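Some notes on the structure that comes next.
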Amino acid sequence: MDRRIEPRMLCADLVDVQWRDQSGRTRRGVANLEDISLSGACLQVDRPVPLGTGFRISYPNGELMGIVKYCVFREIGYFLGIEFEPGSRWSQRHFRPQHLLDPRRLVGRVTSRLKTDGPQALIN
């Protein structure tokens, strides 16, 4: 069940990430940003990261800090749910991922087409 209160923006972009492993060693890598909202993000990475781990997402003009809330393996890698720390909120003004889609706009377009053209619009 999706518990976010803000809309989730689907996206695709590579971001630099950093965290400390269980031995205290700093780990760095590149992650694929899958989606983002004001208070969190989903990233695809190549290794698991324990729940509760502090996590830094760096982008060209800044960074977002958070903690790992979930880590699941799905066919092609590990997907991390990051909850941003208070005071660390995403804004399109500061960071706009390379590919960004608001699913609400897509639904709006489909609804509009259905009202105009009827169900046949989905087939074409």
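The values are calculated or read from the model by the stated rules, or taken from the named source; none is laboratory data. Just so we're clear, the structure is a prediction, and the values are computed from it rather than from any experiment. Ligands, DNA and RNA are excluded from the accessible area calculation, which covers all protein heavy atoms including side chains. Shrake-Rupley method; radii C 1.70, N 1.55, O 1.52, S 1.80 Å.
Ordering Ile82, Ile76, Ile5 by how much accessible area each has at a 1.4 Å probe, largest first, what is the list? Could you put the intermediate results ahead of the total?
Numbers: Ile82 5, Ile76 125, Ile5 155 Å².
Listed by decreasing accessible area, they come as Ile5, Ile76, Ile82.
Compare Tyr59, Tyr78 by solvent-accessible area with a 1.4 Å probe and give them largest first, with all protein chains kept in place.
On the way: Tyr59 35, Tyr78 60 Å².
Largest accessible area first, the residues go Tyr78, Tyr59.
May I ask you to compute the full-extension gain from Ile67 to Glu6, defined as 0.36 nm times their residue separation minus their alpha-carbon distance, rounded to one decimal in nm?
Values: separation 61, 0.36 × 61 = 21.96 nm, distance 1.78 nm.
Length difference between fully extended and current span is 20.2 nm.
Return a whole-number percent for the relative contact order of the stretch 7-96, with Cα pairs under 8 Å and 6 or more residues apart as the contact set. Kindly include the intermediate steps, with their values, before the conclusion.
Values: 208 pairs, mean separation 23.2, N = 90.
Taking the mean separation of contacting Cα pairs over the length of the stretch 7-96, I get 26 percent.
Once fully extended, how much extra length lies between Asp46 and Ser58, figured as 0.36 nm per residue of separation less the alpha-carbon to alpha-carbon distance? Write down the numbers at each step before the final one.
Values: separation 12, 0.36 × 12 = 4.32 nm, distance 1.71 nm.
Full extension from Asp46 to Ser58 adds 2.6 nm.
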